[in-house]
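Every read-out reported here was derived from the displayed coordinates using simple, explicitly stated rules and does not represent laboratory data. Given the structure is predicted, the values throughout are model-derived calculations rather than measurements. We place every Cβ from the backbone using ideal geometry, glycine too, and count neighbours over all the protein chains shown.
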Amino acid sequence: MQSSLLNEVLENHQKDFHPVVPFDSTKDVLLPFDFTSDNRELTDDILNDTKNFSFWVNEKLASANALYGVGGYNEHRTVYSVSNVFDGENPGDEPRRLHLGIDIWGKPQTAVMAPLDGIVHSFAFNNRFGDYGATIILSHLLDGISFYTLYGHLSLSCIKNIQEGDRIGKGDMFAEFGLPSENGQWPPHLHFQIISEIENYKGDYPGVCKFSEKEKWLGNSPDPDVILQLNRFQ
């Protein structure tokens, strides 16, 4: 019930959200990225080397004259095989491969802005290979419905001078895309995710789930494009 109410509230307020990243729909180009097994270009040699992966992303953006590469919600991704962060607890367990957020791939230090007023719920440096790196979670209240937005793969500087409970205003630049050394060893990008119920998580929340559990996790993390509203421009 909470997630369906949240979806309804977010849809009703779409005209009110501030862009999360700088984007001018009259001139900027967005490139859809596919990180499923259908993308045969992404060989192990690319995925297992952050420099090669970053070069591949940058080349794709440059060739399309695109400001950002965008996509990933409800996408079954082969890229997560590069890190044991997404493996099961025991050998033979189903790994986590289904993406619960939207990724926006672009240049390091790209500004990240709050789509609406919020409060810093928590933050952390999730510093394992393949993890979020620097991460901030904001809490929000809209039409009496509480929810959260997660921002992963940020610059370390973003979490140096904030405290839980800090107020972030709509449109405030509060973060930026991090370099691989601080974002979990990924090409620079933002992982943006909506969370209905966060339970006891602090500074972290699963951004990838087991395919067999997709209904549960997608139900708690609705399509972030309801806020981002970027799919219409791809």
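Listed cross-link partners K51/K160; K15/K60; K60/K107 are compared with a 19 Å cut-off, the Cα-Cα value being larger for K51/K160; K15/K60.
When each of the peptides 125-135, 98-108 is scored by the mean number of other C-beta atoms lying within 10 Å of its residues, the order from highest to lowest reads 98-108, 125-135.
Starting from the Cα of A62, move 7 Å in the Cα-to-Cβ direction to define the label point; list residues of segment 178-209 whose amide nitrogen is under 16 Å from there. Under cut-off, by backbone N: 188.
Extents of segment 2-233, taken as max minus min of Cα coordinates on every principal axis and listed largest first, are 48, 46, 34 Å.
As a proxy for reagent exposure, ranking T26, T43 by other Cβ atoms within 10 Å from fewest up yields T26, T43. With the simple spin-label model, which puts each label point 7 Å out from Cα in the Cβ direction, the R167 to L141 separation comes to 1.2 nm. For E176, the residues whose amide H sits under 5 Å from its own are V112, S155, ignoring neighbours fewer than 5 places away on the same chain, with H placed 1.01 Å from N. Extent along the principal axes, Cα only, for segment 128-196: 39, 24, 19 Å, with the longest axis given first.
Each of D16, D204 has some number of other Cβ atoms within 10 Å of its Cβ, and from fewest to most they run D16, D204.
To one decimal place, what Kirkwood hydrodynamic radius in Å is obtained for segment 108-234 from all pairs of distinct Cα atoms?
Values: mean 1/r = 0.0674 Å⁻¹.
After inverting the mean inverse Cα-Cα distance, the result is 14.8 Å.
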